[in-house]
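The next block holds one structure in the form of structure tokens; read it before the comments.
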Amino acid sequence: MTAALPAVQTADGLDELAGLVADGDVLVLSGAGLSTDSGIPDYRGATGSLRRHTPMTWQTFRRDPRGRHRYWARSYVGWPQMAAARPNAGHSAVARLQRAGLLAGVVTQNVDGLHQAAGARDVVELHGGLDRTVCLACGDVARRDELHRRLRAANPAFGPRADEVNPDGDAELPDEVLDGFVMVGCTACGDGPLKPDVVFFGETVPRDRVGTCFRMLEESAGLLVLGSSLTVMSGYRFVLRAAELGIPVAVVNLGPTRGDAKVDVKVDAPLGEVLPELARRCGA
């Protein structure tokens, strides 16, 4: 009896996907589903954190000092796990495709820096990066690991265990432990508040960043969406623009996406299997 082929070899659309990417000038748009194999949960998948957890919103962070304090306490506990995450086979495959000259660019909705850690160049972080902080008073941008060092010194006895870390680095902690956390100020102006250099839910992606991504799309021969449900407009708008311009769209994602009706190729299979196979078929 012949053994069954791995799912990735029989996945619908894989041949068409390889044909699209092999032609080159493809813009990658990646989402949280690409990082789940690195131990970072997504928001909307089968185990997505939005099913159990409401993420920090820009409105709460800006207006509610208690909510801001809660965020930083949880983020302090969650940061080591985020910082320790390593690129997976999917990230490495994207970097290989870029080195082979097949990509027009890489745009990511993720804030984990794993594309860059895998060797991808000139990645546009649509929603910013958790490895940086910005002062809302003076605008100073600083390294997150330096903030973590200062927080560790200010909180020598604050060490609750995180039950769960969300895609934005915000760990799940019981409210009763939060009062023991001490937040620090900005080293540049001595004030603050400090904010991770990411776009929170309800916050607007900077217009110039969106414009850069649109220009990259308009100069590309195809759009490849990886691990995004396209539920939020920040990613879905690129599928809409590609459809308007007649640029073919391919999606690799486990489960349905908001853009399925507008895509030319859909592969519903694990990214950690599909992308290495895709890179192999494209000679990368």
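Table for the structure above
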read-out: The stretch 213-237: number of residues that are of a type outside the set (A, V, I, L, M), open to solvent by 50 Å² or more (accessible area, probe 1.4 Å) and either within 30 Å of residue 158 (Cα to Cα) or in a helix (DSSP H, G or I) (or both); value: 3
read-out: Number of the condition not met by residue 153 [criteria: (1) assigned to a helix (DSSP H, G or I); (2) at pLDDT 90 or above; (3) aliphatic (A, V, I, L, M); (4) open to solvent by less than 70 Å² (accessible area, probe 1.4 Å)]; value: (4)
read-out: Cβ pairs under 8 Å, 6+ apart, first in the stretch 246-257 and closer than 19 Å to residue 15 by Cβ and in contact (Cβ under 8 Å) with a residue 60 or more places away in the chain, second open to solvent by less than 20 Å² (accessible area, probe 1.4 Å) and among the polar types (S, T, N, Q); value: 253/228
read-out: Output for the stretch 66-119, where each listed residue is within 18 Å of the chain's Cα centre (by Cα), open to solvent by less than 10 Å² (accessible area, probe 1.4 Å) and without any contact (Cβ under 8 Å) to a residue 40 or more places away in the chain; value: 95
read-out: Condition check for residue 145: in contact with a strand residue (DSSP E or B) (Cβ under 9 Å, 6 or more places away or on another chain), at pLDDT 95 or above and open to solvent by 20 Å² or more (accessible area, probe 1.4 Å); value: yes
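The values are calculated or read from the model by the stated rules, or taken from the named source; none is laboratory data. Small disclaimer: the values here were computed from a predicted structure and weren't measured. Counting neighbours? That spans all protein chains shown, and the Cβs are built from the backbone with ideal geometry, glycine included. Accessible surface areas use protein heavy atoms only, side chains included; no ligands, DNA or RNA. Shrake-Rupley method; radii C 1.70, N 1.55, O 1.52, S 1.80 Å.
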